[in-house]
Amino acid sequence: MITLKNVKKVFHTKDGVVNAVDGVNLTINKGEIFGVIGYSGAGKSTLIRMLNMLEKPTDGSVDINGESLTSFNNKQLRIARQNIGMIFQHFNLLWSRTVRENISFPLEISGINKKERIKRVDELIDLVGLSGRGDSYPSQLSGGQKQRVGIARSLANNPDVLLCDEATSALDPKTTDSILNLLVDINKKLGLTIVLITHEMHVIRKICNRVAVMEEGRVVEEGPVLEVFRTPKRTITQDFVKQVTEPEETEETIQHLIQKEGHSQIVKLTFVGGTAERPLISDLIRKFEVYVNILQGKISQTRDGAYGTLFIQIDGQPETVKEAIYHIQQQEVEVEVITNVGIGNTVS
Amino acid sequence: MLALATLFPNVDWEDMWEATLETLYMTGISVTATFLLGLILGLLLFLTERGNLWQNKPVQLIIAGFVNIFRSIPFIILIILLVPFTTLLVGTMLGANAALPALIIGAAPFYARMVEIALREIDKGVIEAAKSMGATDIQIIYKVLLPESLPALISGITVTAIALISYIAMAGVVGAGGLGTLAYLDGFQRYQNDVTFVSTVIILIIVFIIQWIGDFFTQKTDKR
Ligand SMILES: Nc1ncnc2c1ncn2[C@@H]1O[C@H](COP(=O)(O)OP(=O)(O)OP(=O)(O)O)[C@@H](O)[C@H]1O
Ligand SMILES: [Mg+2]
């Protein structure tokens with residue numbers, strides 16, 4: 001569906017050359033929600049803007065639906081863009097137009113006649129849940145409502161692809177969730193391919209099928225979301241995964257306990273998919289002569305299953321504790337025994 | 001009527017009416033032409049700026065140079081400088097039509113800068129959104145740039161129109177006609193202070209009406 005081959009973007013600034021995107025190869029499948037995550041300055045916006053040629057690649061090729069955007073002239077590009085919707089962090093609505101007129105804008109551009117425009121706008125207003133607000137101006141709407149207008153506008157010409165540049169970064173958590181749900185909804189209903197960029201792992205976790213992690217202009221890790229959650233390879237990916245699975249103070253708390261408790265073992269369990277829902281702990285207590293103390297835990301839902309981490313402290317005869325840990329390992333649960341070095345560098 | 005005649009003994013109301021019409025005529029034509037010329041110059045200034053749709057340094061420099069020069073010349077000197085040009089264009093140096101070229105050339109650059117500032121206020125993201133939908137440059141101009149800056153364009157032309165009225169009065173002194181000529185020739189040179197007074201009051205009324213209309217439409221179009 002979307003293929004990027006060795007895509008590069010170099011900016012020449014007064015301070016020198018910036019390799020904003022540095023040789024990215026990606027394939028995005030039809031109908032999937034693909035996330036790109038990275039810290040500020042990683043080159044995410046530059047990358048997504050090259051998918052509709054708002055930014056022309058310095059090198060490499062961008063193909064969408066088998067058409068090579070990189071070889072298009074301006075006119076071909078304008079027509080191709082009508083097939084690629086885009087929504088923005090700051091919504092970018094025209095304040096001089098009402099909701100209805102904003103949504104109508106792309107239809108005017110593609111030359112749809114007035115009667116059909118009115119019909120289509122009504123459908124879209126319903127689709128994004130803004131019925132009754134059609135005659136309001138953007139200044140009269142909340143952030144979440146403005147993004148709904150943005151989404152309706154981006155869908156007006158029935159695109160195959162929707163690009164989202166930090167579409168929820170200006171919204172509060174609750175509104176973010178409702179917008180994300182709307183995106184999943186239209187992804188299912190319309191079979192739309194969605195590419196979104198974000199710096200919040202929460203967004204990836206909630207709606208993406210696959211994710212690419214960007215660092216300094218390069219994609220450093222890529223894969224199905226659940227897999228990346230289970231076995232994050234790079235430090236940057238591990239940090240992003242922790243954003244979702246571990247409360248911020250986990251590390252400190254655990255360190256503190258390790259220093260205090262000499263003989264018991266502290267273990268980090270990672271559950272993926274079905275195992276996250278099994279009663280592992282009660283099983284453990286029933287079968288082994290051990291005390292189990294739950295220190296901290298969190299289970300989060302991804303699109304393809306649950307993912308969770310649990311920190312427990314197992315106390316008992318050293319032999320029994322070992323057996324208990326062995327037992328857990330048999331349950332398709334990843335186990336890390338935490339020593340006193342720090343959570344990143346544990347022995348398993 | 002009698003009361004007016006005693007209060008303003010020297011005022012010939014028919015002359016006054018005619019002068020008012022002349023002033024209104026010059027205002028109407030010069031404001032309209034200034035609006036159009038200023039809008040085009042302002043758009044070009046904006047569009048040829050770095051990073052904008054028609055980025056073009058030489059064109060930008062030429063227009064900016066023209067605008068800056070003509071904006072800086074005091075109006076009264078501009079009239080004199082333009083005498084050959086005006087005579088060529090209108091055939092005479094006197095009368096309402098002869099004042100128009102100087103008025104427009106004096107005011108359009110002034111308005112062009114206001115247009116440019118108004119356009120710069122537009123969020124770049126909105127222009128980019130229009131591009132991402134496949135809009136042509138022309139569509140971006142008349143569907144995004146102009147509507148989004150409309151309140152500022154209107155308040156700008158209001159200020160310019162009021163400046164034009166004072167230019168027109170000045171042009172009256174050098175024979176353009178209208179209330180300025182009346183106030184100068186009859187009022188000042190023949191010491192008929194009542195004529196000067198009534199002319200001034202009429203000019204003030206015109207200014208207030210323009211200000212009121214301008215404010216009204218600025219507010220009406222501003223949905224921010
Ligand atoms: N038009 C430009 N001219 C020069 N440098 C640019 C330009 N656009 C982006 N850059 C540089 O390219 C790099 C990547 O920027 P980009 O906006 O793609 O990052 P990002 O990952 O989207 O960050 P953020 O999360 O802050 O939006 C940055 O170092 C930035 O300074
Ligand atoms: Mg960005």
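The values are calculated or read from the model by the stated rules, or taken from the named source; none is laboratory data. Just so it is clear, the model here is predicted, and its values are computed rather than measured. Here the Cβ is made from the backbone with ideal geometry for all residues, glycine too, and neighbour counts use every protein chain on show. Only protein heavy atoms, including side chains, enter the accessible area calculation; ligands, DNA and RNA are left aside. Shrake-Rupley method; radii C 1.70, N 1.55, O 1.52, S 1.80 Å.
Details
- Counted residues, the range A:157-170 - those being open to solvent by 20 Å² or more (accessible area, probe 1.4 Å) and away from ligand 1 (no atom under 16 Å from the Cβ): 3
- All conditions but one from (1) part of a helix (DSSP H, G or I); (2) open to solvent by less than 70 Å² (accessible area, probe 1.4 Å); (3) within 14 Å of another protein chain (Cβ to nearest Cβ) apply to B:Lys223; the one that does not is (1).
- Those strands (runs of 3 or more DSSP E) of the range A:171-225 in which at least 2 residues are within 14 Å of ligand 1 (Cβ to nearest atom) and more than 11 Å from the chain's Cα centre (by Cα), considering only elements entirely within it, cover A:210-215, A:218-224.
- Note on the range A:8-25: among residues that are within 16 Å of ligand 2 (Cβ to nearest atom) and hydrophobic (A, V, I, L, M, F, W, C), the one that is nearest to the other protein chains (Cβ to nearest Cβ) is A:Phe11.
- Pairs where the first residue, in the range A:243-270, is over 17 Å from A:Glu336 (Cβ atoms) and the second is of a type in the set (Lys, Arg) and at pLDDT 75 or above, C-beta under 6 Å, 6+ apart: A:Val244/A:Arg205
- Residue list for the range A:40-51, restricted to those being among the hydroxyl-bearing types (Ser, Thr, Tyr) and either within 13 Å of A:Leu196 (Cβ to Cβ) or more than 13 Å from ligand 1 (Cβ to nearest atom) (or both): A:Ser45
- Every test in (1) within 16 Å of ligand 1 (Cβ to nearest atom); (2) within 14 Å of chain B (Cβ to nearest Cβ) is passed by A:Thr237 save one, and that test is (2).
- When residues in the range A:13-25 are screened for being free of Cβ contacts under 8 Å to residues at least 24 places away in the same chain and more than 8 Å from ligand 1 (Cβ to nearest atom), 4 of them pass.
- Flag for B:Gly42 being in contact (Cβ under 8 Å) with a residue 12 or more places away in the chain, touching a Phe, Trp or Tyr at 6+ places or on another chain (Cβ under 6 Å) and closer than 30 Å to B:Lys131 by Cβ: no
- Unique residue being outside any loop (DSSP other than H, G, I, E, B), open to solvent by 10 Å² or more (accessible area, probe 1.4 Å) and either more than 24 Å from A:Cys208 (Cβ to Cβ) or away from chain B (no Cβ under 11 Å) (or both) when the list is A:Ser139, A:Ser154: A:Ser139
- Contact map, the range B:89-100: first residue under 11 Å from B:Ile168 (Cα atoms), second residue open to solvent by 60 Å² or more (accessible area, probe 1.4 Å) and in a loop (DSSP other than H, G, I, E, B), Cβ cut-off under 9 Å, separation 6 or more or different chains; pairs are B:Ala99/B:Val174.
- Hey, B:Tyr191 farther than 14 Å from B:Trp17 by Cα, in a loop (DSSP other than H, G, I, E, B) and open to solvent by 30 Å² or more (accessible area, probe 1.4 Å) or not: yes
- Subset of the range A:157-186 [hydroxyl-bearing (Ser, Thr, Tyr) and away from chain B (no Cβ under 14 Å)]: A:Thr168, A:Thr175, A:Thr176, A:Ser178
- B:Pro58 vs. criteria open to solvent by 30 Å² or more (accessible area, probe 1.4 Å) and under 30 Å from B:Phe188 (Cβ atoms): no
- Within the range A:230-249, if we keep just the residues that are modelled with pLDDT of 85 or more and part of a helix (DSSP H, G or I), the residue that is surrounded by the fewest Cβ atoms within 10 Å (Cβ to Cβ) turns out to be A:Thr235.
- Answer residue from the range A:52-87, given it is surrounded by fewer than 22 Cβ atoms within 10 Å (Cβ to Cβ) and among the hydrophobic types (A, V, I, L, M, F, W, C) and is farthest from ligand 1 (Cβ to nearest atom) among those: A:Ile79
- Members of the range B:129-183 that are within 11 Å of chain A (Cβ to nearest Cβ), surrounded by fewer than 20 Cβ atoms within 10 Å (Cβ to Cβ) and polar (S, T, N, Q): B:Thr136, B:Gln139
- Condition check for A:Leu163: within 16 Å of ligand 2 (Cβ to nearest atom), in a loop (DSSP other than H, G, I, E, B) and assigned by TED's automatic domain parsing to the domain that holds A:Val17: no
- Unique residue being away from ligand 1 (no atom under 16 Å from the Cβ), under 23 Å from A:Arg218 (Cβ atoms), under 21 Å from the mean Cα position of the chain (by Cα) and away from chain B (no Cβ under 13 Å) when the list is A:Ile28, A:Ile37: A:Ile28
- Residue match in the range A:34-49 (condition: away from ligand 2 (no atom under 16 Å from the Cβ), in the same structural domain as A:Gly132 (by TED's automatic domain parsing) and surrounded by 17 or more Cβ atoms within 10 Å (Cβ to Cβ)): yes
- Within the range A:40-65, residues that are more than 14 Å from chain B (Cβ to nearest Cβ) and assigned to a loop (DSSP other than H, G, I, E, B) reach partners that are more than 15 Å from ligand 2 (Cβ to nearest atom) and of a type in the set (A, V, I, L, M, F, W, C) with beta carbons closer than 7 Å, at six or more positions or on different chains, in the pairs A:Pro57/A:Val7; A:Thr58/A:Val10; A:Asn65/A:Met1.
- The range A:66-100, residues that are more than 9 Å from every other protein chain (Cβ to nearest Cβ) and part of a loop (DSSP other than H, G, I, E, B): A:Gly66, A:Phe72, A:Asn73
- Among the residues listed as A:Leu94, A:Leu54, A:Leu130, A:Leu77, the single one being under 23 Å from the mean Cα position of the chain (by Cα) and in the same structural domain as A:Lys30 (by TED's automatic domain parsing): A:Leu54
- Checked against the criterion of being within 14 Å of chain B (Cβ to nearest Cβ), aliphatic (A, V, I, L, M) and more than 14 Å from B:Met133 (Cα to Cα), the candidates A:Val128, A:Val121, A:Val149 yield just one match: A:Val149.
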